[in-house]
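FYI, it's all coordinate maths here, none of it is from the lab. What you see is a predicted model; the values in this text were computed from it and never measured. Cβ placement follows ideal geometry from the backbone for every residue including glycine, while neighbour counts extend to all protein chains displayed.
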């Protein structure tokens, strides 16, 4: 089964899904593992998504009368089937804020030794991670360019085989607004900043943030061989990896490139391969490789990426910060949209109908029996509105 090359909405439904694993093994997994309320809610939502349990509609062919039930989505932000529309809406909302300039994709990763600390206090650790990335980019922008950068940050917590690996993807403007607002200060088109400098500053900022959390008592019950001081001292001497790459294409492409990261979950249904009668789950990783895990281990890795309740995993800083939209961002756009600059991206989804049509292919409402047009109506004896877990 080939992976989808575009939006999830344009992909054919896989024959095997994560929900199948949840329905087959979720109860046994929950009974043998201590889950948080949020993790339990995610498994419940994924297992019920687009099933009769959530109600739905009936699609009827105008020509031959063929009927097909269409069930409601759970709308959980961790569900792999519910991200396409949210992603398109997000892109449409952000389209007016993207600047017509070079952008770079920068990835901030942490040493594996810190994973145990991140698990111990997820919300506090993730907040410190965001703060460290934000201050690194903004301070170096001021230091290296004398300007205010703009960036969108997205937290991911997984590897391709679903292991725990917190890191932040940042899409950063290739330049910034000068301190006095008089001009746009651009970086080179093919070079952002020295990655070793980014790594060193990021390391120092995060270690400082974790030390502050320790003083505040956030890690009071944390136990590790050698103690927390030894752990922080060890990672403070290592070289931290920061990866920077310029995305290809213009400003509109940058936004859609970023959209792939904002609403991605740990694993998509398109990567699922099979589940054996013995309960072994196989899924694709990368470079044509695959991993096979017992179903309970697969589910354990899957729920390991459930975020704390109400935690915001997408943040905008610098020029893109909400407080700067009407001031510094507007001034930057004014400078960049002079006649010699690149044009602003054209809007591609200005109404709800256009948005839906852009997401859902015409084939979706085509009758599988005769090829005629399906019409959506109420599902007989199912009058319950869809209910969702949104943890």
**OP:** Sort 115, 167 so that the residue with the fewest other Cβ atoms within 10 Å of its own Cβ comes first and the one with the most comes last.
**Re:** 115, 167
**OP:** Using only alpha carbon pairs under 8 Å that are at least six residues apart, calculate the relative contact order of the range 169-249 and give it in whole percent.
**Re:** 33
Original post:
Tell me, what does the Kirkwood hydrodynamic radius of the range 171-262 come to in angstroms if you use every pair of distinct C-alpha atoms?
Top reply: 16.6
**OP:** Two decimals is fine: what is log10 I(q)/I(0) at q = 0.15, 0.19 Å⁻¹ for the range 142-212, from a Debye sum with one equal scatterer on every Cα and no solvent?
**Re:** -0.68, -0.96
Original post:
Going by how many other beta carbons lie within 10 Å of each one, how would you line up 264, 366, fewest first?
Top reply: 366, 264
Subject >> Two-site label geometry, residue 57 and residue 183: point separation in nm, points 7 Å out along Cα→Cβ >> reply: 5.5
Original post:
For residue 119 and residue 280, FRET efficiency with R0 = 25 Å and r from the beta-carbon atoms, rounded to 0.05?
Top reply: 0.45
Original post:
Under the definition of Cα pairs under 8 Å and six or more residues apart, what whole-number percent is the relative contact order of the chain?
Top reply: 31
**OP:** Classify the range 73-171 as rounded, prolate or oblate from the Cα gyration tensor: take a ≥ b ≥ c as the square roots of its eigenvalues, call it rounded if a/c is under 1.5, otherwise prolate when a/b beats b/c and oblate if not.
**Re:** oblate
Original post:
For the range 12-63, with equal point scatterers placed on the C-alpha atoms only and solvent neglected, what are the log10 I(q)/I(0) values from the Debye formula at q = 0.21 1/Å, to two decimals?
Top reply: -0.84
Original post:
residue 376 label point, 7 Å along Cα→Cβ, cut-off 15 Å on backbone N: hits in the range 39-71?
Top reply: 50-51, 55-61, 68-71
Subject >> the chain: most fluctuating residue of 375, 291, 195 per GNM, C-alpha cutoff 10 Å >> reply: 375
Original post:
Highest GNM mean-square fluctuation, the chain, Cα pairs closer than 10 Å: which of 225, 296, 96?
Top reply: 225
Subject >> Extended-chain gain in nm, criterion 0.36 nm per residue less alpha-carbon gap, residue 287 and residue 64 >> reply: 75.8 nm
Original post:
How long are the three semi-axes of the equivalent ellipsoid of the chain, in whole Å, if each is the root of 5 times an eigenvalue of the C-alpha gyration tensor, listed from largest down?
Top reply: 38, 31, 17
Subject >> GNM top mover of 192, 202, 120 - the chain, alpha-carbon springs below 10 Å >> reply: 120
